[in-house]
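In what follows, a structure is listed as structure tokens, so that the remarks can point back to it.
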Amino acid sequence: MSTNYIPNQDLLEALLAGPYSHFKKYGTDDWRNPNEKNPGFSISSKGWSIDGDKGGNLYDLAVKHD
């Protein structure tokens with residue numbers, strides 16, 4: 001059984017080079033939209049979250065953006 005595995009850091013770099021290229025680093029591992037006054041949506045090497053409450057993994061986010 002083969003499993004396609006893409007490391008989270010690679011997914012994060014691809015997302016930051018593509019659909020989230022306008023995001024800026026706000027912490028050690030926290031990227032957010034600088035155009036929002038209070039950016040609730042963030043991505044990191046661990047996944048994505050909205051206001052630190054809801055979230056998911058980077059693979060699903062990357063698939064959403066093709």
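The values are calculated or read from the model by the stated rules, or taken from the named source; none is laboratory data. Note that the structure is a prediction, hence the values are computed from the model and not measured. Quick reminder, even Gly has a Cβ in these numbers, built from the backbone with ideal geometry, and neighbours come from all protein chains shown. Heavy atoms of the whole protein, side chains included, go into the accessibility calculation; ligands, DNA and RNA do not. Shrake-Rupley method; radii C 1.70, N 1.55, O 1.52, S 1.80 Å.
Name the residues in the range 42-56 that are surrounded by 11 or more Cβ atoms within 10 Å (Cβ to Cβ) and either within 20 Å of residue 25 (Cβ to Cβ) or in contact (Cβ under 8 Å) with a residue 12 or more places away in the chain (or both), would you?
42, 43, 44, 45, 46, 47, 48, 49, 50, 51, 55
Quick one: in the range 1-46, which of the residues that are in a strand (DSSP E or B) and among the basic types (Lys, Arg) is nearest to residue 65 (Cα to Cα)?
32
Might you let me know whether the range 30-41 holds any residue that is out of contact with any strand residue (DSSP E or B) (no Cβ under 8 Å at 6 or more places or on another chain), among the small types (Gly, Ala, Ser) and at pLDDT below 95?
No, the range 30-41 contains no residue that is out of contact with any strand residue (DSSP E or B) (no Cβ under 8 Å at 6 or more places or on another chain), among the small types (Gly, Ala, Ser) and at pLDDT below 95.
Got a sec? Which of 64, 37, 24 is in contact with a Pro (Cβ under 6 Å, 6 or more places away or on another chain) and either open to solvent by 80 Å² or more (accessible area, probe 1.4 Å) or among the basic types (Lys, Arg) (or both)?
Step by step, each of 64, 37, 24 is checked, and only 24 is in contact with a Pro (Cβ under 6 Å, 6 or more places away or on another chain) and either open to solvent by 80 Å² or more (accessible area, probe 1.4 Å) or among the basic types (Lys, Arg) (or both).
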